[in-house]
Amino acid sequence: MKVVALAGGTGAAKFLRGLCRVTDPADVTVIGNTGDDLEMWGLAVSPDLDTVMYTLAGLVDESKGWGLAGDTFACRDAMGQWGQATFFGLGDKDIATHLVRTERIRAGASLTQVTDELRRALGVKSAILPMSDEAVRTHVRTPDGWLAFQEFFVRDRCAPAIVDISYDGADRARPAPGVLEAIAEAKVVILCPSNPISSVGPILAVPGIRQALAGTAARVVAVSPIVGQAPVSGPAGKMMAAKGFEVSALGVLAVYEGLLDQLVVDSQDAPLVARLETKGVQVLVTASIMTDAEKEKALARAVLEGSS
Ligand code: FO1
């Protein structure tokens, strides 16, 4: 059964690990967010693509949810001694990934091509497609001006007030090769439990992708990353509020207005089911907080089957 998953960040990677344990990984196509991408020390870095790739390859640093297990940071420390920015922790082995990506792109490869080469080299059976080969960058407007996503998220630890959020370059971006076809051919399209604004939002902002989701025969199902009135982790609540959305599963449904056949909410949000269903979406109530491998698999199985 062909499954497509729109993903970004650490919550999505855990969900995808569960998904690839309950269905054939070769039937899964991940459409990854590139709004968090950045150039650091002259290197092209794609955090969400790498986090998915490393997690599905079994190489991710479990304690952080990103980067490579057992990595060291000698290069980062040396860059610090040269007075270079070191807020974004690129590990020594992780840097090899960025060196290869940067070199391949300089040689003329697209981000789609190099991402496919990397995941195949790591033995990842699922396709990992960037949402676009053109640059789309999430920026966060604070009272002191605009920040690049990782400046807000990592350097400033999500502390600044958010005035607005933008996806620079989205209007000029095209879906990467294979993205629209994967959505059209899928049996199920899953919006992973990622930040609806900064992880799934950029993907939906690429012209053509919302239309493809509205037009596919697939069941389009989202897993709410908001449980109760707060995100399981990260700045999703702060970002949703800044964009005028209620910080709840109802707010998630509003962000994905018109796209969903089904919304998966945590058992804690069972009281919201009636109100959610009045919006014309099917609601699946299940345990959605993934604290171990069994829970990752159980959530993925429930989402695939469309019932708990
Ligand atoms: N997140 C942090 O909180 N601190 C870091 O120093 C950091 C470094 C980093 C390096 C490579 C990478 O692929 C991800 C990294 N992340 C770091 C996570 C990243 O900022 C987030 O996972 C996503 O951008 C949010 O979806």
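No value in this document is a laboratory result; all are computed from the given coordinates. Nothing here was measured: the structure is a model prediction, and the numbers come from that model. Backbone-built Cβ (ideal geometry, glycine too); neighbour counts: all protein chains shown.
Summary of computed values
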{"item": "Cα-based shape type of segment 160-308, given that a ≥ b ≥ c are square roots of the gyration tensor eigenvalues and the cut on a/c is 1.5", "result": "oblate"}
{"item": "Dimensionless Rg ratio for segment 28-161, taking C-alpha atoms and the 2.2 N^0.38 Å reference", "result": "1.06"}
{"item": "Entries of 187/295; 125/297; 2/238; 2/243; 14/243 with Cα pairs more than 28 Å apart", "result": "2/238; 2/243"}
{"item": "5 angstrom amide H check on residue 5, placed H, neighbours 5+ away", "result": "29, 30, 31, 190"}
{"item": "Relative intensity, log₁₀ I(q)/I(0), of the chain from a Debye sum that treats every alpha carbon as a point, q = 0.06, 0.11, 0.14 Å⁻¹", "result": "-0.18, -0.62, -1.05"}
{"item": "Computed [θ] at 222 nm, helices only, for the chain once each DSSP H run of length n ≥ 4 contributes -39500 (n - 2.57)", "result": "-10000 deg cm²/dmol"}
{"item": "Other-chain or far-sequence residues with amide H under 5 Å of residue 243's (modelled H)", "result": "none"}
{"item": "Phi-based couplings in Hz for segment 11-22 (Karplus 6.51, -1.76, 1.60; Gly and Pro marked x)", "result": "x, 5, 5, 5, 4, 5, 5, x, 4, 6, 9, 10"}
{"item": "Ranked by how many other beta carbons lie within 10 Å on average, peptides 230-243, 27-40, 147-160 from highest", "result": "27-40, 230-243, 147-160"}
{"item": "Neighbour-count ranking [beta-carbon atoms within 10 angstrom, fewest first] of 197, 203, 105", "result": "105, 197, 203"}
{"item": "HN-Hα J in Hz across segment 132-148 - Karplus 6.51, -1.76, 1.60, θ = phi - 60°, x for Gly and Pro", "result": "7, 8, 8, 6, 10, 10, 6, 10, 10, 8, 10, x, 9, x, 7, 10, 5"}
{"item": "Amide H within-cut-off set for residue 44, under 5 Å, with H built and near neighbours excluded", "result": "102"}
{"item": "Residue order, fewest to most beta carbons within 10 Å, for 53, 290, 1", "result": "1, 290, 53"}
{"item": "Two-decimal Rg to Rh for segment 205-272 - Kirkwood Rh, Cα set", "result": "0.99"}
{"item": "DSSP beta bridge pairing in segment 158-303, given as percent antiparallel to the nearest 5", "result": "15 percent"}
{"item": "Measure of compaction for segment 9-79 (Cα Rg per 2.2 N^0.38 Å)", "result": "1.22"}
